Amino acid sequence: AASAVPGYSPGFKKPPAMLRLKRKRLRRSEPCSADLPLCGAAPRAPSAPARRNPFSCLDNAPRAAGSPQPLERAWRPPPPAGGSPLAAAFWQVGPSPSPAVAGGFSSPDLHLPVAVPEVPSSPIQEFPADWSIKTRLLFMSSQPFTWAEHLKAQEEAQGFAQHCRATETNLPQSVQEPKLSTELRCAFQQSLVYWLHPSLPWLQLFPRIGADRKIVGKASPWSQDEALQQVLMSDWSVSFTSLYNLLKAKLCPYFYVCTYQFTVLFRAAGLAGSDVITAVISPTTRGLREAMRNEGIEFSLPLVEEGRTRKQKTSEVKLETEDANSLEVHSSMEDGEEPAPSDDDDESFSWLEEMGVQDKVKKPDAISIKLRKEKHEVQVDHKPESLALVKGTNTFTLLNFLINCKSLVAVAGPQAGLPPTLLSPVAFRGGTMQTLKARSINAKARVQLAYEDIFSLEVVGPILPHSLHSLTMLLKSAQRGAFSAVLYTHEPTAVFNTNLGNASPALSKETVCKDLHMCGLHPKTSDQLSQCPTLGKSSIRFLEMKDYSYTWKS
């Protein structure tokens, strides 16, 4: 039998003893101890250094006693400076990874909050409108979030009905028993609803910029089927047109068009301080802007023009300084002194004359001059500064341009043939109702010398501006005016908070509420979104409420 063979090892997990004996006999120069078994290896000399395993990691290598422990390999974003001790303690504990969101969304790890400034804003009753799309919210409070857990089927259905009917919910300043408040729980479900097109549950449809690695390997039968691509784009065009018609009729406040290269935000008249429909595109390229010009779309580059104005003012100050210096030089020449060499002499083309090729150098043509003028615009390609603003009736031309633009859809890669993602706060033709993913997390963290309970509520998904404001209004009543929040921003959309300088003096609060009362938003939310953006190219990273007053950091 095989078991009777000496040195046999089933499965060859260990080498036979005979092989090891033969290997040992070859080492005649090494002393063999009689105390060791025959199959044992010769002892290593004490002076020889221990060889390190080449496949081991520096983090899990054995360490001597008393050596400092290494830092965690998983990086955590820095805690918001100047925040509450409760929030800082929760950052030390660290939340568990975010779950996947219903509808194929997950918490992206590329848009983590960055370091925030030390100086927070002054406490006020309302925080400014944030037009960036959030990918994750983490609310923290000393009061539990049990009221947001395990909604009943009737409460969930009531929340959906309230959303579809645009029911206005007004809660008291403080809810005494949040867990028993059906009105609060239904309003919470209502605030989690958004609308999406196209709806492909096995694909992550937001964010689209830089999402190739999360889409690669997923089933995409349209990538090689042109007929199917045409059907998808035709259906997408109908949904896109439906959203614009709702926006024009002020039945939809805003919506986003998310492509694999850029994002477009359409806003109804009355929002962001404008009395006409506006569309902002970011980031853009020279090729996209040139194609828009060829289609007759009038647009502006507010951040480029702002930089040009700032540079012009700096140049004027420099010229004034040079004029003052020239006066000094003139007076010195009258005194018999030689003028100092000018910097312009170094930049002259006198070296061409010295070489004798001044007549052979070709003068710049009109195209070169044009490119030189557009040099600054080309330098901002793919950057937030390339933000383009379209206003008024030009937005309808932009609609037709985007529908017929072939570069709107990728022709190769994981996103090939996939139409852009449409995100809207209200229903539209071809749109699919989706809900954000929410869960509560309980933890204990050291605060000073003791451990305290920390309650948190995590919301994951494409969180639109109206959802952020609706959630904060609910927490204001449920958490008795005391909570904090960490906001994770989809960075390409942070530039949408730029003040475009299109404020209308005749646009009052009463006018906005009257015109947008049918757009599906709460009146307080409409009032907030009607204000001119004040955050610039940044977005809110940390939000805190104390005694029913807000402070934030961007």
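The values are calculated or read from the model by the stated rules, or taken from the named source; none is laboratory data. Just so it is clear, the model here is predicted, and its values are computed rather than measured. All Cβ positions, glycine included, derive from the backbone under ideal geometry; neighbour counts span all protein chains shown. These area figures cover heavy atoms from the full protein model, side chains too; ligands, DNA and RNA do not enter into them. Shrake-Rupley method; radii C 1.70, N 1.55, O 1.52, S 1.80 Å.
Some notes on this structure:
- Exclusive hit being small (Gly, Ala, Ser) and under 26 Å from the mean Cα position of the chain (by Cα), set 443, 485, 478: 485
- There is at least one residue in the range 182-196 that is among the β-branched types (Val, Ile, Thr), surrounded by 15 or more Cβ atoms within 10 Å (Cβ to Cβ) and in contact with a strand residue (DSSP E or B) (Cβ under 9 Å, 6 or more places away or on another chain).
- Annotation note: Cβ proximity below 9 Å between a residue of the range 213-232 that is surrounded by 10 or more Cβ atoms within 10 Å (Cβ to Cβ) and a residue that is part of a helix (DSSP H, G or I) (sequence gap 6+ or interchain) occurs for 222/228; 222/229; 222/231; 222/232; 223/229.
- Evaluation of residue 270 against (1) crowded, with 20+ Cβ neighbours inside 10 Å; (2) modelled with pLDDT of 95 or more (one fails), failing number: (2)
- Selected residue (criterion: surrounded by the most Cβ atoms within 10 Å (Cβ to Cβ)) from residues of the range 446-466 that are among the acidic types (Asp, Glu) and at pLDDT below 95: 452
- Taken as a whole, the condition of being open to solvent by 50 Å² or more (accessible area, probe 1.4 Å) and hydroxyl-bearing (Ser, Thr, Tyr) applies to residue 407.
To keep it simple, each residue is scored yes or no on (1) assigned to a strand (DSSP E or B); (2) open to solvent by less than 10 Å² (accessible area, probe 1.4 Å).
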position: 399; (1), (2): no, yes
position: 402; (1), (2): no, yes
position: 419; (1), (2): no, yes
position: 429; (1), (2): no, no
position: 434; (1), (2): yes, no
position: 444; (1), (2): yes, no
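- Residue 486, sole failed condition from (1) modelled with pLDDT under 90; (2) touching a strand residue (DSSP E or B) at 6+ places or on another chain (Cβ under 8 Å); (3) under 29 Å from residue 185 (Cα atoms): (1)
- Meeting the requirement of 1 or more residues that are of a type in the set (Gly, Ala, Ser) and within 28 Å of residue 211 (Cβ to Cβ), the strands (runs of 3 or more DSSP E) wholly within the range 230-310 are 278-282.
- Options 382, 376: the member that is in contact with a Ser or Thr (Cβ under 7 Å, 6 or more places away or on another chain) and either open to solvent by 50 Å² or more (accessible area, probe 1.4 Å) or at pLDDT below 65 (or both): 382
- Extreme residue, nearest to residue 383 (Cα to Cα), among residues of the range 273-294 that are touching a Cys at 6+ places or on another chain (Cβ under 9 Å) and open to solvent by 10 Å² or more (accessible area, probe 1.4 Å): 288
- Cross-chain or 6+ apart pairs with Cβ under 8 Å, the range 169-182 first and over 23 Å from residue 156 (Cβ atoms) and of a type outside the set (Asp, Glu), then at pLDDT 90 or above and in a loop (DSSP other than H, G, I, E, B): 173/481; 173/548; 174/480; 174/481
- Any chance residue 204 is polar (S, T, N, Q), more than 30 Å from residue 549 (Cα to Cα) and touching a residue at least 60 places away in the same chain (Cβ under 8 Å): yes
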